[in-house]
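So the structure is just underneath, and the comments pick up after that.
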Amino acid sequence: MPELPEVETTRAGLAPHLEGRRVAGAVLRRPDLRWPIPDAIERVLPGQRIEAVRRRAKYLLIDTAAGSALLHLGMSGSLRVLPAQLPPRTHDHVDLILEEDARSPRQVLRFNDPRRFGCLLWQPHGEVHALLRGLGPEPLSDGFDGDYLFELSRGRKAPVKTFLMDQAVVVGVGNIYAAEALFAARISPLRAAGRVSRERYTALADAVKAILGHAIARGGTTLRDFISPDGAPGYFEQELSAYGRGGEPCPRCGRALKQASIGQRATVWCGHCQR
DNA sequence: CCACACACCTGTAAGC
DNA sequence: TGCTTACAGGTGTGTG
């Protein structure tokens, strides 16, 4: 599930259920996900009041006075707020037990992740976790634009798609949205990043903002069902122009979309419209 | 500094 | 109907 819109949808869905509530405990059904789960999750977090639920890149931060729980959903992770008595299912690796309050019965924040590429870490108050250092700007921020991409890309020989997906360049552009943004900007994903003009990078940055912004807005429309057993998709397959459509006609010119592996990732593009 | 291959793990769909 | 294989939305690490 998770590209940036899915993570932002998760954040927005969780925040009203978590903010202001106290963590009563943590249940770890295994000691690790991608990395070992630190002691602080069991020893420091319980008793803390959740002040905010934030997002940086594809990381979620659950802020307390003592520090922040740092979560990443990897390829297959999901978070849900559920009644505490609901028995855990396969791959429900961690529960953060929420202290009951007047408005709700006892609930847990449950982390499910079949592939376990996700993580749950701890960032002490006042520190910035190593994983958050060296990240590029948020794609929807003012610091991300065509000029930024143009200047940073000079001399780079990697394919522009690889460049765009580099989290040190800009965060949150995963495989789906990289394909979509390059299609919208009519740039071939194979083109060397250093050989894309300033004008075309402006189109690309605009496309990234428009596509991610749209997907986040759409994800937001399903938040009402957030606690229900059905997960809320953050993107809509029928709205994708290129991703997952290799061999199908290009929505713009009708020629068959090409598919190949670029940087070990499946990539779809139109050899006619994208140069 | 940059580019690239590989690793992690499980579920699902396609192929035989 | 099985068994095998390829592939999946991410990203840190190691190599050259």
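Things worth noting here:
- The simple spin-label model puts a point 7 Å past each Cα toward its Cβ; for residue A:115 and residue A:167 those points are separated by 1.4 nm.
- Ellipticity estimate at 222 nm from DSSP helix runs (n ≥ 4, -39,500 (n - 2.57)) divided over chain A, nearest 500: -7500 deg cm²/dmol
- Seen from all directions on average, chain A presents a Cα convex hull projection of 14.9 nm².
- Available extension along the chain between residue A:52 and residue A:238 is 63.6 nm, counting 0.36 nm per residue and deducting the alpha carbon span.
- Between residue A:209 and residue A:141, the modelled label-to-label distance comes to 1.4 nm, taking each label 7 Å out from Cα in the direction of the beta carbon.
- FRET efficiency estimate (nearest 0.05) - Cβ-Cβ, residue A:248 to residue A:106, R0 35 angstrom: 0.10
- Segment residue A:157..residue A:129, full-extension length gain: 7.0 nm, with 0.36 nm per residue of separation and the alpha-carbon distance subtracted.
- In degrees, nearest ten, helix A:4-18 long axis to first principal axis of chain A (Cα): 20 degrees
- The stretch between residue A:197 and residue A:217, if pulled fully straight at 0.36 nm per residue, gains 4.2 nm over its current Cα-Cα span.
- Max mean-square fluctuation residue, GNM over chain A, Cα-Cα springs under 10 Å, options A:265, A:191, A:22: A:265
- Surface accessible to a 1.4 Å probe, residue A:150 within the full protein complex, Å²: 40 Å²
- Placing pseudo-labels 7 Å out from each Cα toward the beta carbon at residue A:266 and residue A:89 gives an inter-label distance of 2.4 nm.
The values are calculated or read from the model by the stated rules, or taken from the named source; none is laboratory data. In this text, all values refer to a predicted model and were calculated from it rather than measured experimentally. We place every Cβ from the backbone using ideal geometry, glycine too, and count neighbours over all the protein chains shown. The protein model used for the area step is the full one, side chains on, heavy atoms only, and it has no ligands, DNA or RNA in it. Shrake-Rupley method; radii C 1.70, N 1.55, O 1.52, S 1.80 Å.
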